[in-house]
Amino acid sequence: MTPKALRRESDARQRIIEAIIAARATSPVLKSRPQTERFLRQYFRDVPIEDLQGRSESVMARIALDHLALGTVRKKGEPKLRIFNPTESEHGYASKYTIIEIVNDDMPFLVDSVAGAITRQNLAIQITVHPVVRVARDARGRLTSILDRADDKGQLESYMRVVIDRESRPQHLRVLEQEILRVLADVRAAVRDWDAMRQRMTEARDSILTTAAPVD
């Protein structure tokens, strides 16, 4: 894509984001309008333009703020997961797809790991949205504010939303939920051990470089 085309795409995305903000959706979590706007900008900042075009701005705002509400209270290390089939009466919009929403500590490997858990259940992924948002929480884990991404305070959190083939069978939804939770725990364990593993590898390398080998 040429630089000119990239600029056009960026401008088009920004116009849609401004329209989402102008929809004036309210949040039960964020009490001030500037906080709501800051969240919506971070949520939609990197969403592909094709996943934004042709959709209701007010519905997109509602979706994002409902996703935020899922993580209203969340302690570090605790994933929040919701799998549902949207209805007009309950969610304010309907969809022919099943929705997976996750709020988790930001860490590597999340998207690929969750995608693997879904495909192992023979379900196709239609859309994946994965904004990373900087938030502040109190000692009980309650969200208190949305911070600038570049801020050195608070913590980065992953807000993953995956649209998949519709699945209405309760048993299959429970299996999917358990599989995703298991994968999130595995990723957390791998990331937790990552630095220690790298340190041991560095020590082994240094030892090889500084210790005379018994063979050529």
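One table, with the values for the structure above:
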{"item": "Within straight-line cross-link reach of LYS4, lysines at Cα separation under 18 Å, skipping those fewer than 8 residues along the same chain", "result": "none"}
{"item": "Rel. contact order, % - alpha carbon contacts under 8 angstrom, at least six apart, segment 56-116", "result": "29 percent"}
{"item": "Folded to 0 to 90 degrees: helix 110-119 orientation relative to the chain principal axis, Cα", "result": "70 degrees"}
{"item": "Whole-Hz ³J(HN,Hα) from phi, Karplus 6.51 cos²θ - 1.76 cosθ + 1.60, for segment 34-43, glycine and proline x", "result": "x, 5, 4, 5, 4, 5, 4, 5, 5, 5"}
{"item": "Over 23 Å (Cα to Cα) - which of LYS75/LYS153; LYS31/LYS75; LYS75/LYS96 fall in this group", "result": "LYS75/LYS96"}
{"item": "Span from the segment 111-141 Cα centroid across to the segment 60-93 one, whole angstrom", "result": "12 Å"}
{"item": "Rg over Rh, two decimals, segment 94-207 (C-alpha only, Kirkwood Rh)", "result": "1.06"}
{"item": "Whole-number percent relative contact order across the chain, with pairs defined as alpha carbons under 8 Å at least 6 apart", "result": "20 percent"}
{"item": "Normalised contact order of segment 1-111, rounded percent, pairs of Cα under 8 Å and 6 or more residues apart", "result": "22 percent"}
{"item": "Cα gyration tensor, segment 1-150 - rounded (a/c under 1.5), prolate or oblate", "result": "rounded"}
{"item": "Average accessible area per residue (Å²) across the chain - probe 1.4 Å, nucleic acids and ligands excluded", "result": "59 Å²"}
{"item": "Segment 38-152, accessible surface, carbon-and-sulfur percent (1.4 angstrom probe)", "result": "46 percent"}
{"item": "Whole-Hz ³J(HN,Hα) from phi, Karplus 6.51 cos²θ - 1.76 cosθ + 1.60, for segment 84-95, glycine and proline x", "result": "7, 10, x, 10, 4, 5, 8, 10, x, 7, 10, 8"}
{"item": "Order by protection proxy (mean Cβ within 10 Å, highest first), peptides 40-48, 169-177, 11-19", "result": "40-48, 11-19, 169-177"}
{"item": "Dipole magnitude (debye, nearest 20) for segment 28-173, charges at Cβ of Lys, Arg, Asp, Glu", "result": "440 debye"}
{"item": "Dipole axis of segment 102-145 (+1 Lys, Arg; -1 Asp, Glu on Cβ), positive-most option in LEU110, THR144, THR128", "result": "THR144"}
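The values are calculated or read from the model by the stated rules, or taken from the named source; none is laboratory data. These figures come from a predicted structure and were not determined experimentally. For neighbour counting, all protein chains shown are included, and Cβ atoms are generated from backbone atoms with ideal geometry for every residue, glycine included. Ligands, DNA and RNA are excluded from the accessible area calculation, which covers all protein heavy atoms including side chains. Shrake-Rupley method; radii C 1.70, N 1.55, O 1.52, S 1.80 Å.
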